[in-house]
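These notes concern the structure reproduced below.
No value in this document is a laboratory result; all are computed from the given coordinates. Just so it is clear, the model here is predicted, and its values are computed rather than measured. With ideal geometry, Cβ positions are generated from the backbone for all residues, glycine too; neighbour counts draw on all protein chains shown.
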Amino acid sequence: MQQRVSLITLGVADLARARTFYERLGWRGQEVEQTVFFQAGGLALVLWGRAKLADDAGLADPGGDGFGGISLAQNVPDRAEVDTVLSLAVEAGATLTRPARDTFYGGYAGCFTDPDGHLWEIAWNPGLPLAADGTLTVPDFG
């Protein structure tokens, strides 16, 4: 298996509500067969009905708030943008779960959940610099 992620699919309770939330953040999606695709750098974030996603994977859906031990993260180029993005997310309908604060690694980060409870971290990390296009490359920590 190649070390690469192509798609991240979020199971959502209400596709229209979820799409509206992400579009209020400034993302632009395309709906195809009750599935919304957002280009997100070199991968795609996909919204799909939670029950359909579970059925397609052959799993029972216990329901819940969307937290399954996974955090999505977006690194931003500077400290101030962390606060800007968190404010935008709350205005779009997110729940702030942790206000931005200094981190143990010398950065600055805060967290929110989307309307389906999917956890996002917005972070500025000086140890993980971003390219001009926002691409993150993991440095050699050796």
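Would you call Arg19 farther than 19 Å from Ala73 by Cβ and in contact (Cβ under 8 Å) with a residue 24 or more places away in the chain? Full working, then the answer.
Values: farther than 19 Å from Ala73 by Cβ: yes; in contact (Cβ under 8 Å) with a residue 24 or more places away in the chain: yes.
Answer is yes for this residue.
Considering every residue within the range 105-127, establish whether at least one is part of a helix (DSSP H, G or I) and hydrophobic (A, V, I, L, M, F, W, C). Lay out the reasoning, then the answer.
Residues of the range 105-127 part of a helix (DSSP H, G or I): none.
The answer is no, given that none of the residues of the range 105-127 is part of a helix (DSSP H, G or I) and hydrophobic (A, V, I, L, M, F, W, C).
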